[in-house]
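S.K.: Right, I'll just put the structure down here and ask away after.
What follows draws every value from the coordinates through simple rules; no lab data is involved. Not measured: the values here are computed from a predicted model. Backbone-built Cβ (ideal geometry, glycine too); neighbour counts: all protein chains shown.
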Amino acid sequence: MSAGDPIRPTILATRVIPNVEPAFAARLGLRAGQHSLALVTCDLDDALYVCLDEATKAADVEVVYARSFYAGSAHASGPLSGEIIGMLAGPTPAEASAKLQACVDYAHTRAHFTSADHGDALVFFAHAIARTGSYLSKQAGVPPGSPLAYLVAPPLEATFAIDAALKAADVALVNWFAPPSETNFSGAHLSGSQSAVVAACRAFADAVFEVAALPREV
C-alpha cells in the first residue's frame, strides 16, 4: 500500500445477549428498560469508537462500555480480541441487533485509519464527524449533534499535528489524549463548525505526512 491509502478496521466478533441476567445487568450499570446487549470487538480502537457513536444516533441505544486493550492488536489476548471491546445496550434484541449492524456497516464504509508511509508502519486517524451521537457528545463534552474532529496518531506525530490543526481552523480543543494511550498513541477531539472540523482534519493529516516524510528536522 501507499501513503494516503485507507487502513480499514476489521470487525472480529459480534454477539447479542437478548436478555441480560439481572445481577450482571446491575454490574454493567444498565438502566431500567435496557434488557439487551450487543457486543463487538475490532482491531482498530478509534475507528470503533466512532462506529459505536454512529449506532447511538436516532435510536434508543446507548454505549454502556467501550475500552481499548493495552498495547494494541499485535498483543491481543486472543484471535478475536483486537484492541477494543464495545457494548451497546437497548430495550429489545431487535433494536440492539439493528444498531450493532449500523456500527459494523460504518466500520466497513466510513471510519478508517490512513497510512502515512509506503510500508503502512505509520498510521493515523483523522475523522470529521458531521454530527455526534450520544456517546462521543458525552466523551467530548459537546451538545449532541455537534461537529467533531477525531484525531489520533503516534505520540510525536500527534503532538505536532494537533498544534497544526488548532492553528489552521477555528476549532476548540475539547479533549487531549496525552501519550501514551492504552495503544501507545495520542490524540484529540476538536469542536467547531463542520467546515472548521474538516479543515482541522486536513491540517492534522498534512502534518503527520510531513513528519513521516522527514522524521528528523534537526
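S.K.: Using mean Cβ contacts within 10 Å as the protection proxy, how do 50-59, 121-130 order, highest first?
M.R.: By packing density, highest mean first, the sequence is 50-59, 121-130.
S.K.: Let me ask another. Give, rounded to the nearest 20 debye, the magnitude of the charge dipole that segment 116-213 has about its Cα centre when Lys and Arg contribute +1 at Cβ and Asp and Glu contribute -1 at Cβ.
M.R.: So the magnitude is around 440 debye.
S.K.: So what J values fall out for segment 157-164 if you push phi through Karplus, 6.51 cos²θ - 1.76 cosθ + 1.60 with θ = phi - 60°, rounded to Hz, Gly and Pro as x?
M.R.: 4, 5, 4, 5, 6, 4, 4, 5
S.K.: While we're here: Around Glu83, which amide H atoms from residues at least 5 apart in sequence, or from another chain, sit under 5 Å from its own amide H, with H modelled in the peptide plane?
M.R.: So Glu83 has HN proximity to Cys42, Asp43, Leu44.
S.K.: If you stretched the chain out fully between Asp5 and Glu210, how much longer would it get, using 0.36 nm times the residue separation minus the C-alpha to C-alpha distance?
M.R.: Working: separation 205, 0.36 × 205 = 73.80 nm, distance 1.56 nm.
Going from the current span to full extension adds 72.2 nm.
S.K.: Can you list the HN-Hα couplings for segment 84-96, worked out from phi with the Karplus curve (6.51, -1.76, 1.60; θ = phi - 60°), rounded to whole Hz and with x for Gly and Pro?
M.R.: 6, 10, x, 10, 10, 9, x, x, 9, x, 5, 5, 4
S.K.: Place a label point 7 angstrom from the Cα of Ser77 along the Cα-to-Cβ direction, then list the residues of segment 14-51 whose backbone nitrogen is under 17 Å away.
M.R.: 14-15, 28, 39-45
S.K.: Using the 10 angstrom Cβ neighbour count as an exposure proxy, how do Thr92, Thr132, Thr114 rank, fewest first?
M.R.: Thr92, Thr114, Thr132
S.K.: While we're on this one: Need the C-alpha centroid separation for segment 102-143 versus segment 154-198, integer Å.
M.R.: 13
S.K.: Under the rule of -39500 (n - 2.57) per DSSP H run of 4 or more residues, summed and divided by the residues of the chain, what mean residue ellipticity at 222 nm is obtained, to the nearest 500 deg cm²/dmol?
M.R.: The helix-only estimate for the chain comes to -11000 deg cm²/dmol at 222 nm.
S.K.: For Rg/Rh (Cα atoms, Kirkwood Rh), one of (i) 0.95; (ii) 1.06; (iii) 0.99 was computed from the structure I shared and the rest are decoys. Which label?
M.R.: Recomputing Rg/Rh (Cα atoms, Kirkwood Rh) here gives the entry labelled (iii).
S.K.: Something else now. Quote to one decimal, in nm, the extra length available between Arg67 and Lys138 on full extension: 0.36 nm per residue of separation minus the C-alpha distance between them.
M.R.: 24.1 nm
S.K.: Let me ask another. Along the Cα→Cβ direction, 7 angstrom out, place labels at Arg15 and Ala58. What is the inter-label distance in nm?
M.R.: The modelled label-to-label distance comes out at 3.1 nm.
S.K.: Order these peptides, 173-181, 202-210, by their mean beta-carbon neighbour count within 10 angstrom, highest first.
M.R.: 202-210, 173-181
S.K.: Let me ask something else. One-quarter of the Cα convex hull surface for segment 6-77, in nm²?
M.R.: 5.9
S.K.: Of the beta bridges DSSP finds with both residues in the chain, what % are antiparallel, to the nearest 5?
M.R.: Of all bridge pairs located within the chain, approximately 95 percent are antiparallel.
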